[in-house]
């Protein structure tokens, strides 16, 4: 969601800035822009609606030259997608600003600035920052001081970068609720909202903390905390894998990342599963002592990550004997909640920067949880840095907005957490063996499932003229049905809903007709006979059924039901196994519908605003 890149260098930086924006395209955006200060201290700007390539083409026709610049991809919040609303925003031809987040008091600030004579040219909340900094420059001793004064007046979440053409070798950045990272080079320094943007120019990074304001020049970086005190934020050489730049043989990143899941899960398991035991160090220092004391787990997440948490509840309660509650982060943070004794708060996030989840973590620290842990895919992210424990999923960079390998590696991490906690709470040895054996068999089982792709591609043709779909599952497959419905609506724009199959008779049966495809996930488990009864309820009402069924579940195709046989697997890992057919289904339906698979409309990969 929105992307920021900035640079202060001796060389021309336009190409660096545009390449950085291209590497952030996965986050979701609707427009892109760049501003650069030239050697004559002139501020020059280019903005385009649409893809970064539109901006790159414009810069080919009319190059912007200079060593100090900022660039941005915008995901619209205030004001429709348009060139005039695209960042950077400028005040009085010398102050330029880019901004991620939302300024909640922008209306009040706008009125104050208009009373001072400032004229606004956009509908955005961001433009108030540009004019506010310009106003503070009239009395401030430096751009840094002006930004500090401006930041004290801003309410909401922001990661912002500002530059002044009158001081062309300097940029100032401020962070409150929206991530920013500084990249250190030789005789040049950089700023971005994501390390991936800067990998072509540096591997040395420092993360800004909440309330930090930093001044960045070619040779120095000075960082000040929320109280204005000079602070050090450790800069480290980071091993960041950038395996996202090439789709290889695949048409889309989503398909590539779907097929990468066996490898991603092998990477997540590697060195962490020793015999039937989990290496407790995989969760961070002190995990052993914390897990011994845990009596309850509270899981907080959003979207796809919320679905993984729902699966984990089944595992924790049935396998580890520990009570668990799962809640959407945006709901948790705005209600009064009771904290059980010795409760562990677990946050789940692909990016580690999800605004609502991060806010929920910070709230939980005030509420008295025994400890906090995150399951995350991005080392150094805010959730990782601010949690007591962290389990890194090692999925690798995920570019497609619709999560695939990040989700399944989250499930693996949660099952490993279940095993680690269960080992301290009397989990029988045979159950530990079953979990360990199932985890080790999982990558090969997923390879078998991916072999079904051509059959699923054929099945997708039936959805070409459909506008609605219903997904059904029981037990720990209900969250997988929810995930399948989310995938279909995300990338094909078909309205899809999921229900626990036993709930059909309580309302959803009213939707059933020959135009409503019903997708069922049916592993061979203790609920299979109950599920078959639910399937018959649909068939009796003329429903069109598509069943992904275990080869041993004894479903047979006929005129009203198409069965895709899924290789038999252990119950424990069935939620992971049955995720892949639904990912493939949504992908092939989206291809038929002609949608933008990797960057579906209105969505962003990393949701850094409320």
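Consider region 121-143. How many of its residues are touching a strand residue (DSSP E or B) at 6+ places or on another chain (Cβ under 7 Å) and surrounded by fewer than 21 Cβ atoms within 10 Å (Cβ to Cβ)? Qualifying residue count, region 121-143: 1.
The residues in region 336-356 that are modelled with pLDDT under 95 and either under 24 Å from the mean Cα position of the chain (by Cα) or closer than 26 Å to residue 570 by Cβ (or both) can be counted, and the count is 8.
The rows are residues; the columns are (1) under 25 Å from residue 567 (Cβ atoms); (2) at pLDDT below 80; (3) touching a helix residue (DSSP H, G or I) at 6+ places or on another chain (Cβ under 6 Å).
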position	(1), (2), (3)
476	yes, no, yes
481	yes, no, no
487	yes, no, yes
509	no, yes, no
515	no, no, no
527	yes, no, yes
540	no, yes, no
547	yes, no, no
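I'd like the residue in region 275-288 that is assigned to a helix (DSSP H, G or I) and touching a strand residue (DSSP E or B) at 6+ places or on another chain (Cβ under 9 Å) and, out of all such residues, is farthest from residue 351 (Cα to Cα). Applying the filter and picking the extreme gives 287.
Taking region 289-309 as the range and being part of a strand (DSSP E or B) and under 18 Å from residue 334 (Cβ atoms) as the test, the residues that pass are 298, 299, 300, 301.
Say whether the condition of being surrounded by fewer than 22 Cβ atoms within 10 Å (Cβ to Cβ) and either within 23 Å of residue 445 (Cβ to Cβ) or under 27 Å from the mean Cα position of the chain (by Cα) (or both) is met by at least one residue in region 502-509.
no
Quick one: would you say residue 519 is closer than 30 Å to residue 350 by Cβ, surrounded by fewer than 23 Cβ atoms within 10 Å (Cβ to Cβ) and modelled with pLDDT of 90 or more? Walk me through it before giving the result.
Numbers: closer than 30 Å to residue 350 by Cβ: yes; surrounded by fewer than 23 Cβ atoms within 10 Å (Cβ to Cβ): no; modelled with pLDDT of 90 or more: yes.
So residue 519 does not fit the description; no.
Checking each residue in region 310-327 for being part of a helix (DSSP H, G or I) and under 12 Å from residue 300 (Cα atoms) picks out 310, 312, 313.
All conditions but one from (1) closer than 22 Å to residue 270 by Cβ; (2) out of contact with any helix residue (DSSP H, G or I) (no Cβ under 6 Å at 6 or more places or on another chain); (3) modelled with pLDDT of 90 or more; (4) not in a helix (DSSP H, G or I) apply to residue 375; the one that does not is (2). Scanning region 304-361 for residues that are surrounded by fewer than 20 Cβ atoms within 10 Å (Cβ to Cβ), more than 23 Å from residue 405 (Cβ to Cβ) and in contact (Cβ under 8 Å) with a residue 12 or more places away in the chain yields 321, 323, 325, 327, 330, 337, 339, 340, 341, 342, 359. Residues in region 596-610 that are modelled with pLDDT of 85 or more and out of contact with any helix residue (DSSP H, G or I) (no Cβ under 6 Å at 6 or more places or on another chain): 596 alone.
Return yes when residue 70 is more than 30 Å from residue 597 (Cβ to Cβ) and under 26 Å from the mean Cα position of the chain (by Cα) and no when it is not. First the steps, then the outcome.
Details: more than 30 Å from residue 597 (Cβ to Cβ): yes; under 26 Å from the mean Cα position of the chain (by Cα): yes.
When the stated conditions are applied, residue 70 passes them.
The C-beta contact set for region 513-533 (first residue more than 21 Å from residue 580 (Cβ to Cβ), second residue surrounded by fewer than 18 Cβ atoms within 10 Å (Cβ to Cβ) and at pLDDT 85 or above, distance under 6 angstrom, 6+ apart or interchain) comprises 516/468. Examine region 134-156 for a residue that is over 15 Å from residue 106 (Cβ atoms), at pLDDT below 95 and under 28 Å from the mean Cα position of the chain (by Cα), and state whether such a residue exists. No: zero hits. The set of residues in region 511-553 being under 35 Å from the mean Cα position of the chain (by Cα), in a helix (DSSP H, G or I) and closer than 20 Å to residue 495 by Cα consists of 511 alone.
Here's the yes/no breakdown for (1) buried (at least 19 other Cβ atoms within 10 Å of the Cβ); (2) modelled with pLDDT under 95:
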| position | (1), (2) |
| --- | --- |
| 168 | yes, yes |
| 185 | no, yes |
| 189 | yes, no |
| 205 | yes, yes |
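Give, as residue ranges, the strands (runs of 3 or more DSSP E) completely inside region 3-120 that count at least 2 residues that are surrounded by 22 or more Cβ atoms within 10 Å (Cβ to Cβ), in contact (Cβ under 8 Å) with a residue 12 or more places away in the chain and out of contact with any helix residue (DSSP H, G or I) (no Cβ under 6 Å at 6 or more places or on another chain). Those strands (runs of 3 or more DSSP E) span 3-8, 31-37, 43-49, 68-74, 95-103.
Test residue 198 against the stated conditions and say whether it is buried (at least 18 other Cβ atoms within 10 Å of the Cβ), at pLDDT below 95 and in contact with a strand residue (DSSP E or B) (Cβ under 9 Å, 6 or more places away or on another chain). Answer is yes for this residue.
The one condition from (1) over 21 Å from the mean Cα position of the chain (by Cα); (2) at pLDDT below 90 that residue 359 does not meet is (1).
The values are calculated or read from the model by the stated rules, or taken from the named source; none is laboratory data. Source: prediction; values computed, not measured. For neighbour counting, all protein chains shown are included, and Cβ atoms are generated from backbone atoms with ideal geometry for every residue, glycine included.
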